[in-house]
Each structure stands twice: as structure tokens, then as C-alpha cells.
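Student: Below you will find the structure I want to go over with you.
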Amino acid sequence: MSPQKINRISLLLLVIGLGGALAIFLTAQPEVIDPLLGDMRASKRYQRELRVMGGQANVLADEFQDWFGDQWHGRNLARSVAILSIGATLLFRFVASHPGPVEPPADENNQP
């Protein structure tokens, strides 16, 4: 693939990905937390119950799950889409600029 074609496709991938991330960022609504209940997962009682049931590993797993789930909502989703589009573009450029092994031409005299 020619370098010019790789550059055009890379630019197209970036424009689509970052444009989508910008659209998500501009249209994202702020997260609403119930003022009466608050964030129950941050309470000390909830953390203690997690620790009693599964130890510190359970608390860490819950924190990771909460963090990972938050990456797919609102403005965090826009950041995730931007990072993934940049990563996909870099991966495409790497794969496109490193072609596979070149096979030697078939010898016409030795073919059955």
C-alpha cells in the first residue's frame, strides 16, 4: 500500500473517531446522583460488607468494576472513544506499513 493511501486512510480514521468523540462530549449530560441516597457504593458500610464477604481483593475488584463501568458513560465515553480511535489509527498504520512476508514468484517450469 502506498504511503499516500496510508496517510489518507489514517486521516479519515482520525477524523471519524475524534469527530465522534467530540459529538459525544458536546451532547453528554452530567451524571445525576440522587441527593437522598447519594452514592451508596462509596459508603463505609458498603465497603466494610465487601471486605467481610471477600477481603481486600473483593473491595479492589469492586472499585475496578466501578471505574471501568464509568468509562462508558457521558464525557468519559468521549475520552474513551478518542483514545480508542487514536490507538486504532496507530495500529492500522503499523500493520499497513509492515507488509507480510514476500513469497518468491512461482517457477513456471516446475509447476504440474
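Student: Restricting attention to region 81-98, report how many residues are of a type outside the set (F, W, Y) and in contact (Cβ under 8 Å) with a residue 24 or more places away in the chain. Quick ask: steps written out before the conclusion?
Tutor: Step one: of region 81-98, the residues of a type outside the set (F, W, Y) are 81-91, 93, 95-98.
Applying the additional criterion that residues be in contact (Cβ under 8 Å) with a residue 24 or more places away in the chain yields 81-82, 84-86, 88-89, 93, 96-97.
Selection size over region 81-98: 10.
Student: It is to be established whether one or more residues within region 41-55 are of a type in the set (F, W, Y), in a helix (DSSP H, G or I), modelled with pLDDT of 90 or more and more than 30 Å from S97 (Cβ to Cβ).
Tutor: Of the residues in region 41-55, the ones of a type in the set (F, W, Y) are 46.
If we keep only those that are in a helix (DSSP H, G or I) as well, we get 46.
Going one step further and asking which of them are modelled with pLDDT of 90 or more, we end up with none.
Looking through region 41-55, none of the residues is of a type in the set (F, W, Y), in a helix (DSSP H, G or I), modelled with pLDDT of 90 or more and more than 30 Å from S97 (Cβ to Cβ).
Student: Is it the case that some residue within region 3-13 is closer than 17 Å to S80 by Cα and β-branched (V, I, T)? Reasoning before the result, please.
Tutor: Initial filter on region 3-13 (closer than 17 Å to S80 by Cα): 13.
Keeping just the survivors that are β-branched (V, I, T) gives none.
No, every residue in region 3-13 fails to be closer than 17 Å to S80 by Cα and β-branched (V, I, T).
Student: Got a number for residues in region 79-112 being modelled with pLDDT under 95 and aliphatic (A, V, I, L, M)?
Tutor: Number satisfying all stated conditions: 4.
Student: Any residue at all in region 54-64 that's outside the structural domain of L90 (by TED's automatic domain parsing), aliphatic (A, V, I, L, M) and over 26 Å from the mean Cα position of the chain (by Cα)? Reasoning before the result, please.
Tutor: Keep residues of region 54-64 that are outside the structural domain of L90 (by TED's automatic domain parsing), which gives 54-64.
Then keep just the ones that are aliphatic (A, V, I, L, M); that gives 57, 59-61.
Imposing the further condition that a residue be over 26 Å from the mean Cα position of the chain (by Cα) reduces the set to none.
No, region 54-64 contains no residue that is outside the structural domain of L90 (by TED's automatic domain parsing), aliphatic (A, V, I, L, M) and over 26 Å from the mean Cα position of the chain (by Cα).
Student: Further question: Filter region 1-53 for residues that are of a type in the set (G, A, S) and either within 21 Å of R79 (Cβ to Cβ) or assigned by TED's automatic domain parsing to the domain that holds L90 (or both) and give the result. Full working, then the answer.
Tutor: So in region 1-53, the residues of a type in the set (G, A, S) come out as 2, 10, 17, 19-21, 23, 28, 38, 42-43.
Within region 1-53, S2, S10, G17, G19, G20, A21, A23, A28 qualify.
Student: Is it true that some residue in region 17-31 is part of a helix (DSSP H, G or I), closer than 30 Å to H98 by Cβ and of a type outside the set (G, A, S)?
Tutor: At the first step, the residues of region 17-31 found to be part of a helix (DSSP H, G or I) are 17-27.
With the extra rule that they be closer than 30 Å to H98 by Cβ, the set shrinks to 17-21.
Next, only the ones that are of a type outside the set (G, A, S) stay: 18.
Scanning region 17-31, I find at least one residue that is part of a helix (DSSP H, G or I), closer than 30 Å to H98 by Cβ and of a type outside the set (G, A, S), so the answer is yes.
Student: Going residue by residue through region 79-102, is there one that turns out to be part of a loop (DSSP other than H, G, I, E, B), more than 27 Å from K5 (Cβ to Cβ) and within 16 Å of the chain's Cα centre (by Cα)?
Tutor: Taking region 79-102 and keeping what is part of a loop (DSSP other than H, G, I, E, B), we get 98-102.
After this cut, where a residue has to be more than 27 Å from K5 (Cβ to Cβ) as well, the list is none.
Checking region 79-102: not a single residue is part of a loop (DSSP other than H, G, I, E, B), more than 27 Å from K5 (Cβ to Cβ) and within 16 Å of the chain's Cα centre (by Cα).
The values are calculated or read from the model by the stated rules, or taken from the named source; none is laboratory data. Computed from a predicted structure; not experimentally measured. We place every Cβ from the backbone using ideal geometry, glycine too, and count neighbours over all the protein chains shown.
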